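Chemist: First the structure, which I've put down as structure tokens, then a few questions once you've had a look.
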Amino acid sequence: MNEKYEAVIGLEVHAQLLTDTKIFCGCSTKFGSAPNTNVCPVCLGQPGVLPVLNKKVVEYTVLMGLATNCTVNRKSIFARKHYFYPDLPKNYQISQYEEPICEYGHITIDLKDGTKKKIGITRIHMEEDAGKSIHDQDFDTLIDLNRTGTPLMEIVSEPDIRTPEEAYLYLTKLKQILTYLGICDGNMEEGSLRCDANISVRLKGETKFGTKTEVKNMNSFRNVERALAFEIERQIDLLEDGKEIIQQTLLWDADSNVAQPMRSKEEAHDYRYFPDPDLMPVVIEDKMLDEIKKQMPELPDAKKNRFIEKFALPSYDAEILTSSRELADYYEKILTVTSDYKSASNWVMTEVLKVVNEEKIDITDFPVSPENLGKLIELINNKTISGKIAKDVFTEMLKSNRDPETIVKEKNLVQITDSSEIESIVEKILSNNQKQVEEFLSGKEKVLGFLVGQIMRETKGKANPQIVNDILRDKLSSLK
Amino acid sequence: MSVTKRDVEYIARLARLRFNDEELESYTAELNEILNYMEKLNELNTETVEPLSHPIENVNVFRDDKLIVSIDRADALKNAPSRDEEFFKVPKVINK
């Protein structure tokens with residue numbers, strides 16, 4: 001990016017809420033149902049019907065507001081936003097305009113250089129989703145209204161974001177909070193989390209905003225980063241060429257890595273918002289607010305700090321372990337069996353996450369229970385088995401999630417810690433490998449590894465490596 | 001404040017309505033009458049009055065997040081001018 005310029009980015013994020021039913025009627029929000037089977041007169045926009053607000057939508061939105069340091073407005077109202085599109089049967093979307101439910105919040109992102117940055121949240125409001133249009137037919141557009149009326153929460157950021165990376169971190173943090181709260185599954189690829197960006201560029205030091213464009217259709221976190229980088233470059237190039245930036249909406253094309261102007265000739269939006277007379281104001285009283293606060297789980301930042309303080313973990317470990325609530329829960333369940341915090345962290349970060357990533361499974365589907373992993377760590381720490389053998393036992397546990405103690409007994413893997421037993425094995429190996437012994441004595445230290453290998457082989461890996469090392473060095477130095 | 005014929009044409013277009021000249025004239029006049037009446041209300045000092053968003057003083061009308069069986073798809077599609085067994089059909093919206 002050209003060093004003379006800086007980008008000014010604001011994000012609008014739509015999060016589908018994990019309620020069982022729609023925002024204004026009792027139809028199911030289930031994804032993947034047969035077309036037009038989760039519909040009723042209310043979400044079809046039939047004349048004479050009345051929307052009734054799903055209480056859970058209010059609770060979830062307030063929860064998100066509290067989690068993002070927002071002011072929860074004691075009174076908020078719904079408005080109609082008018083536009084014509086076939087997947088919006090009423091010809092208006094019920095949303096909030098003036099008096100949204102939450103305002104003036106912020107979240108903190110951790111930048112690569114270790115500094116923290118606050119990103120302001122302008123507002124969070126409730127609204128209904130539109131249906132789906134299917135355009136790939138020859139003559140007609142097909143409309144499926146199952147999604148119509150699915151509850152959405154729109155989270156609007158302040159134009160505080162300066163780089164695509166910051167946008168990525170902001171989105172990741174929002175998703176983390178949403179999934180910790182259990183109010184949205186955060187899946188951008190499936191559209192349950194969507195993001196539009198407002199972007200402008202200006203010379204560094206300038207305080208006025210440049211002309212902005214809006215980029216839509218970025219359906220993954222990486223696509224957001226790429227699309228923003230593309231659009232910032234495009235705007236800077238225009239300015240450098242002395243050209244003007246046109247205020248317009250662009251669609252990100254992930255296949256060709258470009259943002260194209262939207263082709264439909266959209267008129268300047270005139271949504272004619274006005275208060276929806278069908279819906280009563282929402283008033284959040286103390287009692288309701290207290291009840292919602294009681295549902296607040298420990299949030300990612302607090303959990304991370306607790307892991308650092310209570311378990312003496314490095315910040316890096318704590319960051320990864322708290323990346324999702326489920327992973328953090330898995331880690332903490334290990335600690336009901338062992339108090340070796342760091343070993344537990346190492347096992348999760350290397351062996352467990354390796355399998356999770358390779359097999360693309362959820363930690364909740366991980367075949368080894370955290371309790372059994374805890375037992376395995378204890379078996380190493382009380383010297384029943386060596387770390388190396390533990391890896392083999394772990395592989396066995398992945399297949400069966402059996403108790404590691406049972407596996408160790410069955411396969412006769414208990415570590416040999418009896419020094420006299422090890423001593424006789426060491427002596428045997430030394431007398432069988434006279435040549436190597438002489439090499440060692442003449443200064444080739446590397447041969448030691450070979451000899452240790454021979455001993456471990458003889459014991460099928462069961463000899464305690466520390467004792468083997470000590471005895472071997474003892475014996476060899478007595479030969480000098 | 002006064003509404004011109006062009007304003008009425010604009011509002012009509014936003015609402016996807018088509019008026020003939022006679023109708024345009026009469027709606028322009030009617031809208032102006034309504035706005036003149038509103039002007040009269042503007043003479044009142046409303047500084048200490050909260051904006052009214054709803055004439056009924058009722059708040060927090062909620063429903064629980066409980067599933068209600070949806071209607072039959074055949075019934076849902078019944079009134080559509082164009083449809084197949086599964087979908088509503090509309091003229092092609094975008095050209096790809």
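Read-outs throughout are calculated quantities, based only on the coordinates presented, and are distinct from any laboratory measurement. No experiment lies behind these values; they were computed from the predicted model shown. Because the Cβ atoms are built from the backbone with ideal geometry, glycine has one as well, and the counts that use them run over all protein chains shown.
Chemist: Rank A:Thr150, A:Phe221, A:Thr37 by how far each Cα sits towards the positive end of the charge dipole of chain A (+1 on Lys, Arg Cβ; -1 on Asp, Glu Cβ) and give me just the farthest.
Modeler: Selected residue: A:Phe221.
Chemist: Kindly flag which residue pairs out of A:Lys173/B:Lys66; A:Lys90/B:Lys78; A:Lys90/A:Lys132 have an alpha-carbon separation exceeding 19 Å in this structure. Provide the component values of the computation, followed by the final result.
Modeler: Working: A:Lys173/B:Lys66 31 Å; A:Lys90/B:Lys78 17 Å; A:Lys90/A:Lys132 14 Å.
Pairs exceeding 19 Å: A:Lys173/B:Lys66.
Chemist: Restricting attention to chain A, give the cysteines that have no other cysteine Cβ less than 4.7 angstrom from their Cβ.
Modeler: So far as the 4.7 Å Cβ criterion goes, A:Cys25, A:Cys27, A:Cys40, A:Cys43, A:Cys184, A:Cys195 stand without a partner in chain A.
Chemist: Working out 0.36 nm times the residue gap between A:Glu427 and A:Gln260, then minus their Cα-Cα distance, what length gain in nm do you get to one decimal?
Modeler: Difference between extended and current length: 52.5 nm.
Chemist: Once every Cα of chain A carries one equal point scatterer and solvent is ignored, give the base-10 log of I(q)/I(0) from the Debye formula at q = 0.12 Å⁻¹, two decimals.
Modeler: -1.11
Chemist: If R0 is 30 Å, what FRET efficiency do you get for B:Val61 and A:Gln295 from their C-beta distance, rounded to 0.05?
Modeler: 0.85
Chemist: If you don't mind, another one. Considering only Cα-Cα distances, which of the following residue pairs are longer than 20 Å: A:Lys4/A:Lys208; A:Lys333/A:Lys388; A:Lys22/A:Lys293; A:Lys118/A:Lys287; A:Lys342/A:Lys391; A:Lys30/A:Lys333?
Modeler: Beyond 20 Å between Cα atoms: A:Lys333/A:Lys388; A:Lys22/A:Lys293; A:Lys118/A:Lys287; A:Lys30/A:Lys333.
Chemist: Excluding A:Glu206 itself, calculate the net charge of residues whose Cβ lies under 12 Å from the Cβ of A:Glu206, where each Lys or Arg counts +1 and each Asp or Glu counts -1.
Modeler: Surrounding charge for A:Glu206 is +3.
Chemist: Next question. Which ³J(HN,Hα) values, rounded to whole Hz and listed in residue order, are derived for the stretch A:465-475 from phi using the Karplus coefficients 6.51, -1.76 and 1.60 in 6.51 cos²θ - 1.76 cosθ + 1.60 with θ = phi - 60°, glycine and proline given as x?
Modeler: So the J values, rounded to whole Hz, are x, 5, 5, 4, 4, 4, 5, 4, 4, 4, 4.
Chemist: Where in the stretch A:207-238 are there trypsin sites (Lys or Arg not before Pro) that are in a DSSP coil and have at most 11 other Cβ atoms within 10 angstrom of their Cβ?
Modeler: A:Lys208
Chemist: Shifting gears a bit: Local charge sum around A:Glu298 (other residues, Cβ-Cβ under 11 Å, Lys/Arg +1, Asp/Glu -1)? Spell out each step's value before the answer.
Modeler: On the way: positive: A:Lys303, A:Lys304, A:Arg306, A:Arg325; negative: A:Asp301, A:Asp329, A:Glu332.
Neighbourhood net charge equals +1.
Chemist: Using amide H atoms built 1.01 Å from N in the peptide plane, name the residues 5+ places from A:Cys70, or on other chains, whose amide H lies under 5 Å from its own.
Modeler: Hits under the 5 Å cutoff: A:His106.
Chemist: I would also like to ask the following. Other chains near A:33-42: what is the mean number of their Cβ atoms within 10 Å of each residue's Cβ?
Modeler: Partner Cβ neighbours, averaged per residue: 5.
Chemist: In sequence order, what are the phi-derived ³J(HN,Hα) couplings for the stretch B:29-43 according to the Karplus relation 6.51 cos²θ - 1.76 cosθ + 1.60 with θ = phi - 60°, rounded to whole Hz, with x for glycine and proline?
Modeler: So the J values, rounded to whole Hz, are 5, 5, 5, 5, 4, 4, 5, 4, 5, 4, 4, 4, 4, 5, 5.
Chemist: I'd like the FRET efficiency for A:Lys409 and A:Lys333, computed as 1/(1 + (r/R0)^6) with the beta carbon distance as r and R0 of 22 Å, rounded to 0.05.
Modeler: Values: r = 24 Å, r/R0 = 1.09.
That pair, A:Lys409 with A:Lys333, gives E of 0.40.
Chemist: Assuming R0 = 30 Å, can you tell me the calculated FRET efficiency for the pair A:Asp113 and A:Ile246, based on Cβ-Cβ distance, to the nearest 0.05?
Modeler: 0.30
Chemist: Now a separate question. Taking 7 Å along the Cα-to-C-beta vector as the label spot, tell me the A:Tyr271-A:Ser477 distance in nanometres, rounded to one decimal.
Modeler: Simple spin-label model gives 7.8 nm for this pair.
Chemist: While we're looking at this one, here's another question. Rounded to the nearest 500, what is the protein assembly as shown's calculated 222 nm mean residue ellipticity when only DSSP H runs of at least 4 contribute -39500 (n - 2.57) each, over all residues?
Modeler: Helices in the protein assembly as shown give a 222 nm mean residue ellipticity of -12000 deg cm²/dmol.
Chemist: Mind jotting down the distance between the C-alpha centroids of the stretch A:312-329 and the stretch B:29-96, whole Å?
Modeler: Cα centres, the stretch B:29-96 to the stretch A:312-329: 46 Å.
Chemist: For the stretch A:340-410 and the stretch A:1-67, what is the centre-to-centre distance using only Cα atoms, to the nearest Å?
Modeler: 41
Chemist: In what order do A:Met218, A:Met280, A:Met288, B:Met38 fall by count of nearby beta-carbon atoms within 10 Å, going from fewest to most?
Modeler: In increasing order of surrounding Cβ atoms, one gets B:Met38, A:Met288, A:Met280, A:Met218.
Chemist: Next question, about the same structure. With each label point set 7 Å from Cα along the Cα-Cβ vector, what nm distance links A:Asp278 and B:Val49?
Modeler: 2.8
Chemist: Just how large is the dipole of chain B about the Cα centre, in debye to the nearest 20, putting +1 at every Lys and Arg Cβ and -1 at every Asp and Glu Cβ? Mind dumping the intermediate values first?
Modeler: Details: 14 positive and 20 negative charges, 159 e Å.
So the magnitude is around 760 debye.
Chemist: What does the charge count around B:Asp21 come to, taking other residues whose C-beta lies under 11 Å from its C-beta (Lys +1, Arg +1, Asp -1, Glu -1)?
Modeler: -3
Chemist: Subtract the Cα-Cα distance of A:Leu238 and A:Thr417 from 0.36 nm times their separation in residues, and report this length gain in nm to one decimal. If you can, show how the numbers build up before the last one.
Modeler: Values: separation 179, 0.36 × 179 = 64.44 nm, distance 7.32 nm.
That works out to 57.1 nm of additional length.
Chemist: Okay, moving on. Per residue of the stretch A:146-152, what does 6.51 cos²θ - 1.76 cosθ + 1.60 with θ = phi - 60° give for ³J(HN,Hα)? Whole Hz please, x for Gly and Pro, Karplus curve as stated.
Modeler: Each residue's phi maps through the Karplus curve to give 4, 7, 4, x, 5, x, 10 Hz.
Chemist: Among A:167-174, B:63-70, what's the highest-first ranking by average C-beta atoms within 10 angstrom per residue?
Modeler: Top to bottom by mean Cβ count within 10 Å: A:167-174, B:63-70.
Chemist: List the GluC sites (Glu not before Pro) in the stretch A:266-345 that DSSP assigns to loop (not H, G, I, E or B) and whose Cβ has at most 14 other Cβ atoms within 10 Å. Which are they?
Modeler: Taking the stretch A:266-345 and a limit of 14 other Cβ atoms within 10 Å, the loop GluC sites (Glu not before Pro) found are A:Glu266, A:Glu267, A:Glu285, A:Glu298.
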